[in-house]
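The values are calculated or read from the model by the stated rules, or taken from the named source; none is laboratory data. Quick caveat: nothing in here was measured; it's all calculated off a predicted structure. Because the Cβ atoms are built from the backbone with ideal geometry, glycine has one as well, and the counts that use them run over all protein chains shown.
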Amino acid sequence: MSERSRTANDVIGNLMRALASNGRALLRLPVNSDEGAMTSLDSIGDLLLSRRGEASGTVLAHQLLEGYMKASKEVRLNFLVALAERFEADRNTLQTAIAAYQARPTANTVQTLHQAAEPRRQELIRRLNLSPGGTFQLVKMREDLLGHLPERPDLAAVDADFVHLFASWFNRGFLTVQPIDWRTSANVLEKLIRYEAVHAIHDWTDLRSRLDPADRRCFGFFHPRLVDEPLIFVEVALTADIPAAIGPLLSSERTSLAAEDATTAVFYSISNTQKGLSGISFGNFLIKQVVDDLKQELPNLKSFVTLSPAPGFATWLARERKLEASLHLTTRAKGLLQILDEPDWHFIPEKREAVRAPLMEAALSYYLRAKTAKGLPVDPVARFHLGNGARLERLNFLGDVSAKGLAQSHGLMVNYLYVLGDIEKNHEAFAERGRIAGSSGVLKAQSFPPNREVVPVS
């Protein structure tokens, strides 16, 4: 974010915080919320919904969110439950609107029914967003909510309302793509270290090696209400060819390549920073924008490709190995794959070569045949890139031999290729019919006939 924008946001934020602080006296609200006050968060919510003035609304919104952030886990959960139970749509109003629509289905009765069906919590969340820093605090509130959902399915409706509102607030039109380099503010750089989810950044020296050299780039998506908080960032390596392994790419001993000599841009790490925005899709826009920006800066770039992890492969393979009749593994393959259970197998050439063929055949089945209940690839990274219009280009044996890489994928890494002229076509085919675009190299490597849902690309 530019210094001018940051300064303007700071001024506005300070004014709003002053209003919130001074306005507490007017509304007779406590300056500091104690545990007793925190238990009445839902009461503050009722009061907030009853107010029409923006000034008092800002004060109340700030008070509620401040109390929520200071509250215990139990009090926070109680408030989320209150959102589900107390701030639902008014049933009497809804029944009246339904009867009016059934009696006379006009545009007016449809609108009245729509308004009556909207849960009160949606408007409450909108008003909470008036608070200074409210957007970020609401994202954190949803993060709490997501943590409770597995045990509290009764909160699913609350989550649906958060998703509905966030999809509008974090619309692509409000987001900006900005380059991140070694000169970027320390606040942002510190968050890159904290949020890196694919290949850990160990310290500031490690971070500098990813940002400062001539053959490195980094881009982030920013929202105007979340200053210095990248929503998602992508790290890029400029190379002379498509890499098959992450180790050489991140090695501190590598020789930097002049940017003008690079022909390939490699997206080797894409990290979402806010758990509270899970399910809100904007990563696809980031990739497309980064491709456009890099192409303008470096016309010599010909290929745009990922070097991606396979985070679910080891778990899936372990499950298939335990099945008496696996659809993806032969008995012989199961026998050879027992080598994976031995420590340091990847260091021993004989074991490495013995496991290569069955492991890669299993990987092909994992990516091309294994599907979720919705008919999509089981691998989340595959769903992300294929959904963005990339094609499955190459599977790489022992592409990541770090402890994390071996644990989550037995070292497997994947290249997804973004062919500029095919991105939209591939995206539509995947979104509408679940069809996977794959390179001829991937399909020729299969030991089984191509699935009809796999589209070969030469």
| What number of residues in the range 234-282 are β-branched (Val, Ile, Thr) and farther than 22 Å from Ile201 by Cβ? | 4
| task | For Arg104, indicate whether it is under 24 Å from His223 (Cβ atoms) and outside the structural domain of Gln274 (by TED's automatic domain parsing). | result | no
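Residue-wise test of (1) in contact with a Phe, Trp or Tyr (Cβ under 6 Å, 6 or more places away or on another chain); (2) within 30 Å of Pro224 (Cα to Cα); (3) not polar (S, T, N, Q).
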residue	(1), (2), (3)
Phe87	no, yes, yes
Arg91	no, no, yes
Leu94	no, no, yes
Ala97	no, no, yes
Ala100	no, no, yes
Gln111	no, no, no
Glu118	no, yes, yes
Arg121	yes, yes, yes
Gly133	no, yes, yes
| said: Based on this model, can you work out whether Arg391 counts as in contact with a strand residue (DSSP E or B) (Cβ under 6 Å, 6 or more places away or on another chain), of a type outside the set (A, V, I, L, M) and crowded, with 16+ Cβ neighbours inside 10 Å? | reply: yes
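Table: residues versus (1) modelled with pLDDT of 90 or more; (2) outside the structural domain of Leu386 (by TED's automatic domain parsing); (3) under 22 Å from the mean Cα position of the chain (by Cα).
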residue	(1), (2), (3)
Leu406	yes, no, no
Met413	yes, no, yes
Gly421	no, no, no
His427	no, no, yes
Gly438	yes, no, no
| query | Name the pairs: first residue in the range 164-183 and without any contact (Cβ under 8 Å) to a residue 60 or more places away in the chain, second residue of a type in the set (A, V, I, L, M) and surrounded by 13 or more Cβ atoms within 10 Å (Cβ to Cβ), Cβ to Cβ under 6 Å, at least 6 apart or on different chains? | reply | Leu165/Ile125; Asp181/Leu211; Trp182/Leu211
| request: Among the numbered conditions (1) in contact (Cβ under 8 Å) with a residue 24 or more places away in the chain; (2) more than 16 Å from the chain's Cα centre (by Cα); (3) under 30 Å from Ser251 (Cα atoms), tell me where Val198 comes up short. | output: (2)
| message | With the requirement that a residue be surrounded by fewer than 17 Cβ atoms within 10 Å (Cβ to Cβ) and small (Gly, Ala, Ser), what does the range 211-221 give you? | response | Ala214
| note | The residue that is farthest from Lys275 (Cα to Cα), considering only those in the range 214-231 that are at pLDDT 90 or above and of a type in the set (A, V, I, L, M), is Ala214
| query | Name the residues in the range 382-404 that are modelled with pLDDT of 95 or more and in contact with a Pro (Cβ under 7 Å, 6 or more places away or on another chain), would you? | reply | Asp400
| field | Residue tally, condition in contact with a helix residue (DSSP H, G or I) (Cβ under 9 Å, 6 or more places away or on another chain) and either more than 22 Å from Ser409 (Cα to Cα) or free of Cβ contacts under 8 Å to residues at least 40 places away in the same chain (or both), over the range 293-314 | value | 6
| task | Go through the range 171-213 residue by residue and tally those that are hydrophobic (A, V, I, L, M, F, W, C), modelled with pLDDT of 90 or more and farther than 15 Å from Glu235 by Cβ. | result | 2
| request: Kindly indicate whether Glu342 is closer than 20 Å to Gly405 by Cβ, among the acidic types (Asp, Glu) and surrounded by 17 or more Cβ atoms within 10 Å (Cβ to Cβ). | output: no
| task | Can you give me the number of residues within the range 256-271 that are more than 9 Å from Asp215 (Cβ to Cβ) and not in a loop (DSSP other than H, G, I, E, B)? | result | 9
| request: Say whether the condition of being assigned to a loop (DSSP other than H, G, I, E, B), more than 25 Å from Pro153 (Cα to Cα) and free of Cβ contacts under 8 Å to residues at least 24 places away in the same chain is met by at least one residue in the range 53-72. | output: yes
